[in-house]
Amino acid sequence: MKLLAALLLLPLALSCQALGEDLKRLSLDDASSIGLRIETDAAEKAEGKASLKITTQWPTTVCLGEVSGLDVDNARLVYRAKVKSSMEGSAYLELWAHVGTGQYFSRGMDSTVSGNEGWKSIQTPFLLQKGQKASKVTLNLVINGKGTVWIDDLVLSREPLK
């Protein structure tokens with residue numbers, strides 16, 4: 001009898017647990033719904049055969065690559081690229097350095113593109129003191145706004161500390 005009562009009350013108990021309410025359901029059936037398009041553009045380039053064209057409907061961060069196997073310390077890492085924009089907002093470079101068990105970043109917020117700008121070289125530095133070795137570096141482009149950004153001629157270099 002107790003088993004029968006428990007089985008009869010189980011559906012009621014399960015429906016009481018679902019008190020949450022979906023606020024928005026995003027369909028991912030179509031890639032255009034995420035508001036981000038990344039493509040090569042042979043018509044707009046700073047060097048080589050093409051650039052990367054990134055079009056977004058809202059702010060986003062795009063990982064452009066990772067560099068691992070570095071044996072660098074006591075140096076200044078510099079992440080540079082040529083960037084062009086047609087957007088509302090601004091865009092800048094972001095570098096994440098994986099040092100030991102930590103992750104540290106540098107954001108080139110003083111070296112940006114915004115609005116309608118032609119090709120411009122922007123950069124962000126990261127300082128590694130003696131004994132601080134980066135095992136991996138992640139190179140991002142941060143877009144604070146909406147529109148189109150082109151990026152080309154991306155370089156990670158090492159400079160001596162001054």
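The values are calculated or read from the model by the stated rules, or taken from the named source; none is laboratory data. Being a predicted model, the structure only gives us computed values, none of them experimental. Heads up, the Cβs are rebuilt from the backbone with ideal geometry, glycines too, and the neighbour counts pull from every protein chain shown. In case anyone asks, the SASA skips ligands and DNA or RNA and just uses the protein heavy atoms, side chains included. Shrake-Rupley method; radii C 1.70, N 1.55, O 1.52, S 1.80 Å.
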Under 13 Å, Cβ to Cβ, from ALA42 - net charge with Lys/Arg +1 and Asp/Glu -1: -2
Derived scalar couplings ³J(HN,Hα) [the range 87-93; Karplus, 6.51 cos²θ - 1.76 cosθ + 1.60; whole Hz; x for Gly, Pro]: 7, 9, x, 9, 9, 8, 8
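Any chance you could run the full-extension gain for LEU19 through GLU88? It's 0.36 nm times the residue separation minus the Cα-Cα distance, nm to one decimal.
Working: separation 69, 0.36 × 69 = 24.84 nm, distance 4.01 nm.
Additional length available on full extension: 20.8 nm.
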Packing-based ranking, highest mean first, of 144-153, 121-130 given that Cβ atoms within 10 Å are counted: 144-153, 121-130
Percent carbon-and-sulfur accessible area, the chain, ignoring ligands, DNA and RNA, probe 1.4 Å: 55 percent
Relative pair counts by distance (%), Cα atoms of the range 53-92, 10 Å bins: 17, 45, 24, 14, 0
The range 17-75: proportion of alpha-carbon pairs further apart than 13 angstrom, %: 77 percent
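Highest first, please rank the peptides 36-48, 83-95, 103-115 by the mean number of other Cβ atoms sitting within 10 Å of their residues. Walk me through the numbers on the way to the answer.
Values: 36-48: 12.6, 83-95: 21.2, 103-115: 15.5.
Descending mean neighbour count gives 83-95, 103-115, 36-48.
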Theoretical FRET efficiency, 1/(1+(r/R0)^6), r = Cβ-Cβ of SER27 and TYR104, R0 45 Å, to 0.05: 0.75
Rg(Cα) / (2.2 N^0.38 Å) computed for the chain, rounded to two decimals: 1.55
Antiparallel bridges, percent of DSSP beta bridges restricted to the chain (to nearest 5): 100 percent
Shape parameters for the range 41-113, alpha-carbon atoms, Rg then Dmax in Å: 14.7, 42
